[in-house]
Structure formats: C-alpha cells, structure tokens
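Just below is one structure, and these are the notes that go with it.
The values are calculated or read from the model by the stated rules, or taken from the named source; none is laboratory data. Just so it is clear, the structure is predicted and the values come from calculations on it, not from any experiment. Cβ: placed from backbone, ideal geometry, glycine included. Neighbour counts: every protein chain shown. Areas reflect the complete protein model, heavy atoms only, side chains present, ligands, DNA and RNA absent. Shrake-Rupley method; radii C 1.70, N 1.55, O 1.52, S 1.80 Å.
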Amino acid sequence: MQTVKALGRVRVRGRMYDPTSQSLTVLCECRENVDTDAIPLDIFPEGSAEAWMIVGPSQQEGETQAQAAGDAQNVPLPDSSPFSPLQASTPEAIIRAVGDVLQRASQPPHSDHNLYRRLRIFSGVMPTPPGEEQLENWVEQARLLIEEYDRPEREKKMRIMESVKGPALEILQAVRFNNPSATSMEYIDILETTFGNPESGEELYFAFRMLCQYPNEKLSEFLRRLERILNKVVKKGGLQSSEADKARLDQFIKGAIRSDIMMLNLGLRERRNNPPTFLELLNEIRQEEEHEASRRRLHNPKAVYAKSATVTFDTELKDLRAEIHQLRDQVSELSFPAAMPSHLS
C-alpha cells in the first residue's frame, strides 16, 4: 500500500477475516486527503499473482451500490461481502463502521433457535408414544425455555405451538380462537390442567406423607423423588411454600427407613427447628454417600481363596458305608470280651 502514491502514508486501523470466502478485509487510514479518482481499482502485491481490490470512501459510489442492492439504509459494510465499498466520507466514520462490523462478527450466533431444539414434541396421547415427552418433563422444559427466551410474546406462543400435536394441538387451537390474548405461560398452564393429574393439593399432600424409601434406593434419589411431589403439592396449594423445607425434612426422616446409619451421621433429627433447603440437603447427602463409598472401598475384605475338590454323590456314599462298617467292627470287638466269661462258666 505504501507504493501507491495516491494514498500517501497509510496506517492499518482494523482487520476482518471472512471464513466463508477465506479472505481478509483490512481498513487503512490515509494521513492526507485522497483523490478517489486517482486510486487504482486493485494492486498486485510483491510475490503474489492475486490482485488486491481497493475500495475508496466515495460517497457517490456507496450510494449507487446501496440502491442496486435494494437497501434503504446506508450500511457501512454489509455482512454478505467483505469487499463491499465503505459507505462513508470520513476516516472516522469508516473506522466506526468497520468496528461495528468486527464486533458483530465476533459475537456468537444467536442460540434461541438451538434452545428450542431441546423441547421435544408433546401430544397428550396416553401411553406416551416413542419419541415424545411426558407431560411433567415437557412442562418443566417449556417453562424454563419461555422464561429464558428473550423474544416477543407472539414468537414464544409460536414456539409452544410448534412443539405440540394431536389432542394438545387441538386444545391450543381452541384457546387461540376463544382467547387470542392468552400468553405462552397460559398455554402451558392449560395443557398441564387438561392432561395433568386431577388430584387436589390436599390429596397430593397426603400422598407425599406416605412416601418411603425403596429397596436399594439411594438417599439422594429418595430426596429427589420427594422434591418432585413436594413441588406439585405447593403448586396445587396443598402446602405453603414457607413450610416446604420443614415438610421435606420431616418426611425425609420418616421415609428413609433403609439408611439408618447414614441418617445418624447426617444428624438431621437435631435440625428440625432449622431445616436446610433442598440444595443444601442434597449436597450433604451426596457428600455422605461419597464418604460411605470410600469407606467401603478401603475396608473391603480381601477375598480368601480355598482349594476345593468336587465330591460326587457316589464318593460320599462309599465313605459313609466305610464309616458304618468301621463302627460295626468296633462294636463287635467291645461286645466279644464281655461275652467270654459267661461262656466259659
């Protein structure tokens, strides 16, 4: 660039690489005013047979190409081509425009669409067909994604509609017809009410109080099973959210009937007045389970290998007969001397 006399002294102010075309766009700033008519269209660098295209800051040229592209706004550097003309008349504007383009290029692609790839299809058909999600799992994922999806409400509702079919789709279509202003969260609530468990909060709370630990079920697994039911109880109004920690700990102590030693190590009975939260309790249980597994590995008794011989039934029978024969001989020897005096007399 220094060899082009029309440009004078040139200073590099920015670079942008396009991986699609495998090309590099360089923003250069000239120290003096440049006559754009004297700038060559391209130059051949030393040691290369490929020409470099030079784009000057001609405002007229920029407006002509913007109109040809059908763009109503003057975009400094369209994303579709790294060699598009810089549509500004001052070096400061060019630098700002290229800086904005570089910033947009450095940002990761929008992942909203990728988020909704994880939301599987729900139809409301029972039993759940292969490839579809059960209601409880689908509702949890849908609520989480809707809360994190920073998009207009219309697009949120569209995403929900795309993830349902069959009876669930018919329900939402009726909701859209009768209540067009319904929100995406209301869509989820209606599906949960229609296809969910019809039990009341009091009935769920009674079922929660009857939960016990299954055979071979870890304490952490039992706690997670308790938490799922407890969340339903609170949501249905069977228990105040402020009482959830106390109810969880009470039922956990009552239902953990297969892990007495671990319960003693945790010391949960002494903490009923100040119950831990779900995450705190789960963390303590996981640590205790890891310690218990470590103790078992350290104190695992070594296997004792004993040499054993295979004895058939016939061999055992022969040995038994031999022992009986020996016993008979011993009895005969003992009884014969006792009978001798009587015979002689």
Criterion (at pLDDT below 90 and surrounded by fewer than 18 Cβ atoms within 10 Å (Cβ to Cβ)) met by exactly one of Leu268, Leu264, Leu279: Leu264
The range 120-143 - residue that is assigned to a loop (DSSP other than H, G, I, E, B) and out of contact with any Ser or Thr (no Cβ under 9 Å at 6 or more places or on another chain) and, of those, surrounded by the most Cβ atoms within 10 Å (Cβ to Cβ): Ser123
Only listed residue being in a helix (DSSP H, G or I), basic (Lys, Arg) and surrounded by 11 or more Cβ atoms within 10 Å (Cβ to Cβ), chosen from Arg159, Arg154: Arg159
Selection status of Ala174, in contact with a strand residue (DSSP E or B) (Cβ under 6 Å, 6 or more places away or on another chain) and at pLDDT 90 or above: no
Sole exception among (1) open to solvent by less than 50 Å² (accessible area, probe 1.4 Å); (2) over 30 Å from Ala293 (Cα atoms); (3) of a type in the set (Ser, Thr, Tyr); (4) at pLDDT below 90 for Ser259, by number: (2)
Search result, residues across the range 229-253 that are in contact (Cβ under 8 Å) with a residue 40 or more places away in the chain and open to solvent by 90 Å² or more (accessible area, probe 1.4 Å): none
Members of the range 187-204 found to be assigned to a helix (DSSP H, G or I), surrounded by 14 or more Cβ atoms within 10 Å (Cβ to Cβ) and without any contact (Cβ under 8 Å) to a residue 60 or more places away in the chain, listed by number: Tyr187, Ile188, Asp189, Ile190, Glu192, Gly201, Glu203, Leu204
Search result, residues across the range 162-185 that are open to solvent by less than 80 Å² (accessible area, probe 1.4 Å) and either assigned to a helix (DSSP H, G or I) or more than 23 Å from Glu132 (Cβ to Cβ) (or both): Pro167, Ala168, Leu169, Ile171, Leu172, Ala174, Val175, Asn179, Ala182, Thr183, Ser184, Met185
Close pairs (8 angstrom Cβ cut-off, 6 or more residues apart or separate chains): part of a helix (DSSP H, G or I) and open to solvent by less than 100 Å² (accessible area, probe 1.4 Å) in the range 289-318, modelled with pLDDT of 55 or more and of a type in the set (S, T, N, Q) anywhere: Glu289/Ser220
